[in-house]
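Asker: Sharing a structure below in structure tokens format, with a few things to ask.
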Amino acid sequence: MDKFIIDGGEKLYGKIALQSAKNTVLPLLAASVLTDEQVRIRNVPTINDVENMLHILSEVGCVIRRNKEYVVIDSSNAVSHEIPARLTRELRSSVFMLGSVLTRFQRAKISYPGGCDIGLRPIDLHLSSLKRLGVKIIEKDGYIECQAEKLQGAEILLDFPSVGATENIILAAVKAEGCTIIRNAAKEPEIIDLQNFLNAMGARIRGAGGGTIVIEGVKRLRGIDYTPIGDRIEAGTYLIAAATCGGEIQTIGVPPENIAALLHKLRENGCKIHTKNDKIELSSDGRLKSVNIVETMPFPGFPTDMQAQYGALCATARGTTLIVENLFETRYRYAAELKRMGADVIVRDRTAIIRGVERLHGACVTASDLRGGAALVIAALKAEGQSAVMDLSHVDRGYADFEGKLKKLGAKIKRVRI
Ligand code: UD1
């Protein structure tokens, strides 16, 4: 298990070219089995979640070719409708395979998916929606077995605008007979990208980005060469790092409207932000003031995936911030680690009260989930003295070359193999 050694106190300067969004690439990879022609996806990040998804595709029988610029998936000889448990345990997004494998083979077998341990993360909405499309589901011995002689379009009202459930319905409905309407659909930019990708393959989907998505089933989908959108959470992580430490950075590859809620808060914190097309420039003197309250919400609200990194920022902002985590139950594990660095944080259920302190000090801290790990890195970059951030398996799930990109910005960070 690798660790980062970080000498804090440096300001960050420079430009960051962003990776393709992890949360787009994963459903697109799942979607690649919907055609037996070749699918080429560009700018795919080298992160563990992607590697795991590629393993799953290989297990299904896809042939994968990969170089620095793109990944090619050829599923013309795909044979298996079963996803082995050892792979689904590593990756929650393996659940998307249900929709796409069902479309391809009329059946799918998968064990309950894993991923970050940030709460219960049920998949009841995925399963009840698939049932609406005519899928028979048997749950036994930790496995979910799905069968549908024919996927049939239906109207589905989601109790909650779940990102994964919305994507899974799209993948199961894209070649179903007739029309599917998803109401109270998730509005995240990644859903729009999935729609664009599938439509370029010949699908007929409209409405993504709004609350109602209409999918008219088509008979066949063709191959594609596609560049996914940039990673807004990666962009937000570097922007929060520069806001916290001070400095001036520019991210390239994410339009500001995709992280408007974060940019709004960072401006309130006292950062100067200029945007043009897909470029975001932020400058900060590293002495921020706190905002009163931040609540995580589905898009376009403040993203849960930036809550932890923003919590690290609040740790040294002047004043008190109240954070409310509305999406996942246990997304404050990083708070106890921040305390080791001198932060003043109280967590009660879904609320964290963070009173900004003058300075953090270096400490040995352990990451316990992906974004919580990024938060600890940000805190260590700000802290006086040296820190060790242990267990990088979590940050390696979502950030390609995290330390390389931070080093280019002037951070003193190195990876040590244990
Ligand atoms: C996706 C993102 C993840 C992000 C999350 C919320 C991917 C690969 N992951 O995860 O990074 O943190 O959106 O923006 O895109 N829920 C249910 N039943 C279900 C499904 C979800 O109750 O069947 C609940 C969850 O417990 C949670 C909320 O709905 O409270 C949101 O979850 P969802 O939007 O589904 O998140 P994911 O798709 O898992």
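Asker: Would you say E145 is open to solvent by 20 Å² or more (accessible area, probe 1.4 Å), outside any loop (DSSP other than H, G, I, E, B) and in contact with a Lys or Arg (Cβ under 9 Å, 6 or more places away or on another chain)? Explain how you work it out, then say what you get.
Answerer: Details: open to solvent by 20 Å² or more (accessible area, probe 1.4 Å): yes; outside any loop (DSSP other than H, G, I, E, B): yes; in contact with a Lys or Arg (Cβ under 9 Å, 6 or more places away or on another chain): yes.
Spelling it out, E145 is indeed open to solvent by 20 Å² or more (accessible area, probe 1.4 Å), outside any loop (DSSP other than H, G, I, E, B) and in contact with a Lys or Arg (Cβ under 9 Å, 6 or more places away or on another chain).
Asker: Has the range 55-69 got any residue that is within 16 Å of the ligand (Cβ to nearest atom), part of a helix (DSSP H, G or I) and within 15 Å of E37 (Cα to Cα)?
Answerer: The answer is yes; a qualifying residue exists.
Asker: Something else: Would you point out the residue of the range 201-232, among those that are open to solvent by 30 Å² or more (accessible area, probe 1.4 Å) and acidic (D, E), that is nearest to Y70 (Cα to Cα)?
Answerer: D225
Asker: Report, by residue number, each residue of the range 146-165 that is at pLDDT below 95 and among the hydroxyl-bearing types (S, T, Y).
Answerer: If the condition is that a residue be at pLDDT below 95 and among the hydroxyl-bearing types (S, T, Y), then no residue fits.
Asker: When the range 21-37 is examined, which residues are found to be at pLDDT 95 or above and either open to solvent by 10 Å² or more (accessible area, probe 1.4 Å) or assigned to a loop (DSSP other than H, G, I, E, B) (or both)?
Answerer: A21, K22, N23, T35, E37
Asker: Let me ask something additional. Within the range 297-413, considering only strands (runs of 3 or more DSSP E) that don't extend past its boundaries, which have at least 2 residues that are under 30 Å from A185 (Cα atoms)?
Answerer: Working: elements: 320-324, 344-348, 351-355, 364-366, 386-390.
Because the criterion is at least 2 residues that are under 30 Å from A185 (Cα atoms), the strands (runs of 3 or more DSSP E) in the range 297-413 that meet it are 320-324, 351-355.
Asker: Next question. Has the range 248-257 got at least one residue that is farther than 24 Å from T24 by Cβ and more than 19 Å from the chain's Cα centre (by Cα)? First the steps, then the outcome.
Answerer: To start, the set of residues in the range 248-257 that are farther than 24 Å from T24 by Cβ comprises 248.
In the following step, the residues that additionally are more than 19 Å from the chain's Cα centre (by Cα) were identified as 248.
Yes: one or more hits.
Asker: While we're on this one: Just the residues that are open to solvent by less than 50 Å² (accessible area, probe 1.4 Å) and more than 14 Å from the ligand (Cβ to nearest atom), please, taken from the range 311-331.
Answerer: Across the range 311-331, the qualifying residues are G311, A312, L313, C314, A315, T316, A317, G319, T321, I323.
Asker: Follow-up question, since we're still on this one. Answer with yes or no whether S76 is farther than 30 Å from E384 by Cβ, touching a Ser or Thr at 6+ places or on another chain (Cβ under 8 Å) and of a type in the set (G, A, S). If you could, list the steps in order and put the result at the bottom.
Answerer: Working: farther than 30 Å from E384 by Cβ: yes; touching a Ser or Thr at 6+ places or on another chain (Cβ under 8 Å): no; of a type in the set (G, A, S): yes.
Spelling it out, it is not the case that S76 is farther than 30 Å from E384 by Cβ, touching a Ser or Thr at 6+ places or on another chain (Cβ under 8 Å) and of a type in the set (G, A, S).
Conditions tested, residue by residue: (1) in a helix (DSSP H, G or I); (2) away from the ligand (no atom under 16 Å from the Cβ).
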{"residue": "F160", "(1), (2)": "no, no"}
{"residue": "G164", "(1), (2)": "yes, no"}
{"residue": "I181", "(1), (2)": "no, yes"}
{"residue": "E190", "(1), (2)": "yes, no"}
{"residue": "I215", "(1), (2)": "no, yes"}
{"residue": "R222", "(1), (2)": "no, yes"}
{"residue": "P228", "(1), (2)": "no, no"}
{"residue": "A243", "(1), (2)": "yes, yes"}
{"residue": "E257", "(1), (2)": "yes, yes"}
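Asker: Among the listed residues A154, A185, A173, A235, which satisfies the condition of being under 30 Å from G404 (Cβ atoms) and surrounded by 17 or more Cβ atoms within 10 Å (Cβ to Cβ)? I'd like the intermediate steps shown before the answer.
Answerer: Working: A154 fails: under 30 Å from G404 (Cβ atoms); A185 fails: under 30 Å from G404 (Cβ atoms); A173 fails: under 30 Å from G404 (Cβ atoms).
Within the list A154, A185, A173, A235, the selection yields A235.
The values are calculated or read from the model by the stated rules, or taken from the named source; none is laboratory data. Computed from a predicted model, the values in this text were never measured in an experiment. Ideal geometry is used to build each Cβ from the backbone, glycine not excepted, and the neighbour counts take in all protein chains shown. Ligands, DNA and RNA are stripped out before the accessible areas are found, and what is left, the full protein with its side chains, is counted by its heavy atoms. Shrake-Rupley method; radii C 1.70, N 1.55, O 1.52, S 1.80 Å.
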